[in-house]
Amino acid sequence: MSGVFISFEGPDGAGKTTALNAVLPELQKRAKKEIVATREPGGSPIAEKIRDLILDVKNLEMDDRTEALLYAAQRRQHLIDIILPNLEADKIVISDRFVDSSIAYQGGGRQIGVDAVTSINDFAIEGTMPELTVYFDVPSEVGLDRIKSNRSGTEDRLEKEKIEFHQRVRDTYMKLQEQSPDRIQVINANQDTLQVAQDVLELIITKFPNLFN
Ligand SMILES: Nc1ncnc2c1ncn2[C@@H]1O[C@H](COP(=O)(O)OP(=O)(O)OP(=O)(O)O)[C@@H](O)[C@H]1O
Ligand SMILES: [Mg+2]
C-alpha cells in the first residue's frame, strides 16, 4: 500500500476538527499526493448510520459493550469504504478520530479495559494503523467548556458524561502516547486556534518531509 494514513485524536472539544479545517488548504497546496479528509464515527453512508445510533441522546440504555462493538463496526465499514481504497490509490488519508478514540473512550472512559477494546478493534481493522497520530492534548474541563460555550445545549450522548469519565479518557490517551511515542505526537491544544494550526502543520510536514513541497 502506498498512501499515507494520519489520524487526529484527543478529547471532546480539543479542537481536532477546527485544526483539520484550518490546515487542510495549506497541506493541499503543498502536498505531492492528493489528500482525503474523513471522520469517525461515520465517514461513509453505513458508518454514518451507526454514528447516529451511537450518539443519539435517546439511547440512554445502550450497554457499554454494545457501544464499543458499534464503534468497532462503524470503523470496519469506514475502513473498507474510505480509508483502504484511498490508501491503495496512493492518497494521504487524514481521519478525524480512529482506533485510539475507542481505546480511550470505551476502554478507559467506560472502563471496559484497554485490552478488551483493543482486541475487538484488531478484528475490525486487521492491522491498518496510522503512520502518524496527532494527539490534541487539553485539560478535560477546557475541552468541555469550549463545547458548552460554543454549541449551546446540544451535547451528544458521550459529551454528557461526567468530568471523571473525560479525565479517564485523557489519562488513557496519555498512556497510549507513552507506549507509542513515535506514532502518537502531542500537540498542546490549550493554545489559540492559530497557534494550534501552525503546530499541526509543522508536525505533519516535519514527519513526512518528502510528501510536501
Ligand atoms: N484552540 C482553541 N481555542 C479556543 N476554542 C477553540 C480552539 N479550538 C477549537 N475551539 C472551539 O472549541 C469548540 C470545539 O472545537 P472542535 O469542534 O474543533 O473540537 P473537536 O476536538 O473536534 O471536538 P469533538 O471531539 O467533540 O469533535 C468549537 O466551538 C471551536 O470553535
Ligand atoms: Mg470534531
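None of the figures in this text is laboratory data; all of them are computed from the coordinates on show. Just so we're clear, the structure is a prediction, and the values are computed from it rather than from any experiment. Note that each Cβ is placed from the backbone with ideal geometry, even for glycine, and that neighbours are counted across all protein chains shown.
Of all lysines in the structure, the ones whose alpha carbon falls short of 29 Å from that of residue 160, not counting any fewer than 8 places away in one chain, are 16, 49, 58, 148, 175. 3J(HN,Hα) couplings calculated from phi for the range 76-88 with the Karplus curve 6.51 cos²θ - 1.76 cosθ + 1.60 (θ = phi - 60°) are, in sequence order, 4, 5, 4, 4, 5, 7, 10, 5, 5, x, 6, 5, 5 Hz; Gly and Pro show x. Within the chain, the longest segment free of exposed loop sites, counting trypsin sites (Lys or Arg not before Pro) that fall outside DSSP classes H, G, I, E and B and have at most 12 other Cβ atoms within 10 Å, spans 59-159. So, in Å, what gap is there between the alpha-carbon centers of the range 69-114 and the range 140-197? Using only Cα atoms, the two centres lie 17 Å from each other.
Annotation for residue 66 and residue 111: the two label points, set 7 Å from Cα along the Cα-Cβ direction, are 2.1 nm apart. For the chain, relative contact order (Cα pairs under 8 Å, six or more residues apart, normalised by length) works out to 34 percent.
How would the range 105-213 be classified by its alpha-carbon gyration tensor: rounded, prolate or oblate, with rounded meaning a/c under 1.5 and the a/b versus b/c comparison settling the rest? Here the range 105-213 falls in the oblate category. Here the translational diffusion coefficient of the range 52-163 follows from Stokes-Einstein with Rh set to the Kirkwood radius across Cα pairs; for 20 °C and 1.002 mPa s it amounts to 138 µm²/s.
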